[in-house]
Amino acid sequence: MVSVREALDCVLQQMPRLGGEQVPLSRACGRALAEVVTARHEVPPFRNAAMDGYAVRAADVAQASSARPVRLRVLETVGAGGVPRHAVVRGTATRIMTGALMPNGADAVVRVEDTAAGAGSEVEVRAAAGPGTNVRLPGEDVRAGEAVLHAGRLLRPADIGLLASVGATMVRVACRPRVAIITTGDELVDVGQPLGPGQIVNSNAYTLAAAVEEAGGEPIVVGIVRDQPDAIRNAFREACRADLVLSTGGVSVGSFDYVRQMLSELGYQERFWKVAQKPGKPLTFGFCAGTPVFGLPGNPVSSLVCFYLYVVPALRTMMGLDRRFLPSVTATMAEAVPKAIGLTEFVRCRVTGPPERYEVRSTGSQSSGVLRSLSLGDGLIVGPAEVGILEEGRRVRVVLLGSDAGAAEAPF
């Protein structure tokens, strides 16, 4: 039996990297960037107004105030996308809108709130403005040739906007891992089917497919495989054509737990079996025909917890992401929670309070079959193996769930 850290290190040290593909910018959000993107031009590309107001010479309004307004003759109005026809000279101003090209001669913009209409075509300026006030300079955001984003970044909406602003119409992203999902068990029936005696709904297939999607992969649901050696062997033979395989159930020591045996017959190279953790102890990981395989426990909570701890960083490693782990925070136990001594226990919990004073409470029953306790939770308390109780007031690490944010370091 290996420790949690040993298991994680084993997974990540041997996880292959996927290739990349070019996609249109409109389809790149949520993908892992696989190249360095450099700006093709400066952003902004020209001097422009940062506010609605009046483009002026700073020297003309250096002494302006509400008590002693400065009157200037308005030459024209320039909107965003327009081109000024007149240069601003002493005693004049141009009415200008946010983002519009600054006229020659003007070196500041007075906010419209600091002005008032004067007689005829004049404007009264009631506040001083120094050179550069409310003016965006060329390249202030990005300079031509500058690297704006690097490989390994999970692209978010702001990144897509940045890429558009520097002229990137196509970007190279990591291929999405194709993840085959096998659920084993004679007791399983699909959603919507009537339940007979001793039968349960195959929730694991739906849970894991959703988790794979959330992690950036492409789920391939193989379906329910009965506890029959030939059926299990054939299912894995087909599934190993994917980039990664997940199976649930059949990895413990029961009379019908055939998964490890059938994998072995297919040439499975097991790296570890059983991890000193709760839930999720009967976990196996290895390679079959060169494809990474996770044999997850059959209990719904155990399966999903193992996914968060090991499969998420594995998939992110395959995609070349630099933040491979779920984020974690430090919090205070708001109540005492008993745990299994000798095992690192991941306690489902709710997180409350502001970040500097996070508190955590158990979501209730920590049974491996109570999926609702994970649905109600915000995170997993990392309960150290050497303690038998997490005392009230104890400071603990908490792995946060339901986030696309990442962390560069593991929380345990």
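Restricted to the range 296-335, and to residues that are small (Gly, Ala, Ser) and open to solvent by less than 10 Å² (accessible area, probe 1.4 Å), which residue is farthest from residue 279 (Cα to Cα)? Before you say what the answer is, go through the steps one by one.
Within the range 296-335, the subset small (Gly, Ala, Ser) is 298, 302-303, 314, 320, 328, 331, 334.
Imposing the further condition that a residue be open to solvent by less than 10 Å² (accessible area, probe 1.4 Å) reduces the set to 302-303, 314, 331.
On the way: 302: 5, 303: 8, 314: 19, 331: 21 Å.
Step by step, filter the range 296-335, then rank; the result is 331.
Across the range 161-193, which residue is farthest from residue 291 (Cα to Cα) among those that are charged (D, E, K, R) and modelled with pLDDT of 95 or more? Working first, answer last.
In the first step, residues of the range 161-193 are kept if they are charged (D, E, K, R); the result is 172, 176, 178, 186-187, 190.
Those still in the list that are modelled with pLDDT of 95 or more too: 172, 176, 178.
Values: 172: 24, 176: 15, 178: 11 Å.
Among those residues, the one meeting the criterion is 172.
Please state which one of 185, 161, 196 is at positive phi and not aromatic (Phe, Trp, Tyr).
Values: 161 fails: at positive phi; 196 fails: at positive phi.
Result: 185 is the single residue among 185, 161, 196 that is at positive phi and not aromatic (Phe, Trp, Tyr).
Kindly establish whether residue 57 is surrounded by 14 or more Cβ atoms within 10 Å (Cβ to Cβ) and touching a strand residue (DSSP E or B) at 6+ places or on another chain (Cβ under 6 Å). Talk me through it step by step, then tell me what you get.
Working: surrounded by 14 or more Cβ atoms within 10 Å (Cβ to Cβ): yes; touching a strand residue (DSSP E or B) at 6+ places or on another chain (Cβ under 6 Å): no.
When the stated conditions are applied, residue 57 does not pass them.
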request  = Just give me the residues in the range 274-309 being assigned to a helix (DSSP H, G or I) and either within 19 Å of residue 341 (Cα to Cα) or of a type in the set (A, V, I, L, M, F, W, C) (or both), in sequence order.
outcome  = 301, 302, 304, 305, 306, 307, 309
request  = Filter the range 103-150 for residues that are hydrophobic (A, V, I, L, M, F, W, C), buried (at least 17 other Cβ atoms within 10 Å of the Cβ) and closer than 10 Å to residue 54 by Cα and give the result.
outcome  = 106, 108, 109, 110, 123, 125
ask   = What are the residues in the range 50-96 that are touching a residue at least 60 places away in the same chain (Cβ under 8 Å), within 50 Å of the chain's Cα centre (by Cα) and part of a loop (DSSP other than H, G, I, E, B), if any?
value = 50, 51, 52, 62, 64, 65, 66
inquiry  = Looking at 269, 261, 277, can you tell me which residue is touching a strand residue (DSSP E or B) at 6+ places or on another chain (Cβ under 8 Å) and open to solvent by 40 Å² or more (accessible area, probe 1.4 Å)?
reply    = 269
key: Residue identified as surrounded by 14 or more Cβ atoms within 10 Å (Cβ to Cβ) and in contact (Cβ under 8 Å) with a residue 24 or more places away in the chain among 216, 223   = 216
ask   = What pairs can you find where one residue is in the range 335-360 and more than 20 Å from residue 372 (Cβ to Cβ), the other is part of a helix (DSSP H, G or I), and their Cβ atoms are less than 8 Å apart, with a gap of 6+ or different chains?
value = 344/4
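The values are calculated or read from the model by the stated rules, or taken from the named source; none is laboratory data. Bear in mind that the values here come from a model prediction, so they are computed numbers and not experimental data. All Cβ positions, glycine included, derive from the backbone under ideal geometry; neighbour counts span all protein chains shown. Note: areas computed on protein heavy atoms with side chains; ligands, DNA, RNA excluded. Shrake-Rupley method; radii C 1.70, N 1.55, O 1.52, S 1.80 Å.
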